[in-house]
Amino acid sequence: MTKEDLCITIPSFFKCPISLDLMQSPVSLCTGITYDRSTIQRWLDNGNDTCPATMQLLHTKHFIPNRTLHSLIQIWSDSVHRRFEPPGSTPKDRLLQAIEDVFDSHTANRFDSLVEVLRFAEDSDENRAFLAKIDGFVGKLVRFLCNVDAGVTGSVQFENLENVIRVFGLLLDKIKDRERLNYSNLKEFNCLDSLLLVLRQGSSDSRIASVRVLEFIAVDSESKILMVEKEGLVTELLNSVSDPLLIETSLSTLVAISAPRRNKVKLVNLGVVKMASRFLSESNSSVSATEKVLKLVEMASSTKEGRTEMCCGDAACIAAILSKAMKVSKAATERAVTTLWSVCYLFGDGMAVEAVVKANGLGKILLLMQTNCSSQVRQMCVDLLKILRVNAKSCIPSYITNSAHIMPF
């Protein structure tokens, strides 16, 4: 819908300063001036390094979405649409027409229609269930992801890609019959290209949705292996763990794709142990995130490469794992103890044993045995005490704990 079609006047502050058209995706430069995303991207892609409106030199070419202005434009556009709707048109009719327009590459208002569908999905749980039940809708979302050119950065098409992924992410919990999805399409490299592109360059909401979709498609060994082999994908997920908005979803996805043995080795080689060591050394992590990270190190400890990295590559890793063995949760305790038992007892790594002793592991394990831990954890603690026994004798005189009376030697 344009001003020529409706014979109305567009508010001046809704117009892009360059094109003078209604802004579809307003973004702000570091100068504070807002432009339409596609227009300012073309300006910057042409080699310009100034703000078009002020001609100030840009110290950064990055821009951020102006969501407040975007909402105002959408409210204004909706009011215009309502004034010109055909008589007898129902909200359901308008939604179905919008969905049809989204997947019609020849439709001029494709972007507006997609925004309308996204807003409908965001409004309520019932709306999301309704969309998920529309025959062929989810399949169309999948095909859209698989047919997007990965070189769309900064264009309206990229904004469309972000919104499609956001819609898909909102519907994941409502897709009941998963086997009806064409997983061969989901596992296409170009689909992963689209998800990776948004994960790297999208807004916070679209990045979260992208990671959720990645976790959703990690349903079998084939898809998990394909995802790990996709260049740059695991690295981006590991980097995303440092983003407070992406911690939980990124860790869940990493856990989901770590099952195949070849994936475990690849994850270790790409730095999962280093990430885990840094993460566990922090004291302000959530219980859920800590449990997921400990699940990853437990996975890594089942491989020779993982144990080598823990004991030789990162000296602080074993101490960090030990620090989370208590006062987090039962799941965290079990995963931490299992990892320590694997590297110290099952595989008898001397450097790991020494690291546990230096971190007062003997005292912590003795205290842990007095808690309400499972029989399996208690038996692993007994095994650990056996292997730590010789190494700990040299430090017994300085060992101070209220539980010293239960020392088994």
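Values in this text are rule-based calculations from the coordinates and carry no lab data. Note that the structure is predicted; figures quoted are calculated from it, not measured. Virtual Cβ from ideal backbone geometry, glycine too; neighbours counted across all protein chains shown.
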Three-way shape label, segment 265-376, alpha-carbon gyration tensor, a/c 1.5: oblate
Taking a 22 Å limit on the Cα-Cα distance, which of the listed pairs K264/K295; K140/K266; K274/K304; K140/K292 fall beyond it? K140/K266; K140/K292
How high is the relative contact order of segment 300-368, in percent, counting Cα pairs under 8 Å that sit 6 or more residues apart? 32 percent
Please work out how much length the chain gains when fully extended from E126 to E100, using 0.36 nm per residue of separation minus the C-alpha to C-alpha distance, in nm with one decimal. 7.3 nm
Relative packing of peptides 247-256, 218-227, 266-275, 63-72 - highest average C-beta neighbours within 10 Å first: 247-256, 266-275, 218-227, 63-72
Gain in length, K327 to S281, computed as 0.36 nm per residue apart minus the alpha-carbon separation, to one decimal in nm? 15.1 nm
Inter-label distance for Q379 and E354, nm, one decimal - labels placed 7 Å from Cα along Cα-to-Cβ: 3.2 nm
Karplus-derived 3J(HN,Hα) from phi for segment 227-242 (6.51 cos²θ - 1.76 cosθ + 1.60, θ = phi - 60°), whole Hz, x at Gly and Pro, runs 5, 5, 7, 5, 4, x, 5, 5, 4, 5, 5, 5, 5, 5, 4, 7
Multiply the residue gap between M55 and A316 by 0.36 nm, knock off their C-alpha separation, and tell me the result in nm, one decimal place. 88.9 nm
For K61, which aspartates and glutamates qualify as cross-link partners when the Cα separation must be under 13 Å and same-chain residues fewer than eight apart are set aside? D45, D49
Taking a crude spin-label model, label points 7 Å out from Cα along the C-beta direction, the S204 to Q370 distance in nm is 4.4 nm
Whole-Hz Karplus couplings 3J(HN,Hα) for segment 121-132, θ = phi - 60° and coefficients 6.51, -1.76, 1.60, Gly and Pro as x, run 5, 6, 5, 7, 5, 5, 5, 5, 5, 5, 5, 5
What does the net charge come to around C381 if you take all other residues with beta carbon closer than 13 Å to its beta carbon, with K and R at +1 and D and E at -1? +2
For T50, enumerate residues with amide H under 5 Å from its amide H, sequence gap 5+ or separate chain, H modeled in the peptide plane. L58
Per-selection metrics, segment 183-293 (Cα): Rg and Dmax in Å: 13.2, 42
Under Stokes-Einstein, segment 23-78 at 37 °C and 0.692 mPa s, with its Kirkwood radius over C-alpha pairs, diffuses with a coefficient in µm²/s of 282 µm²/s
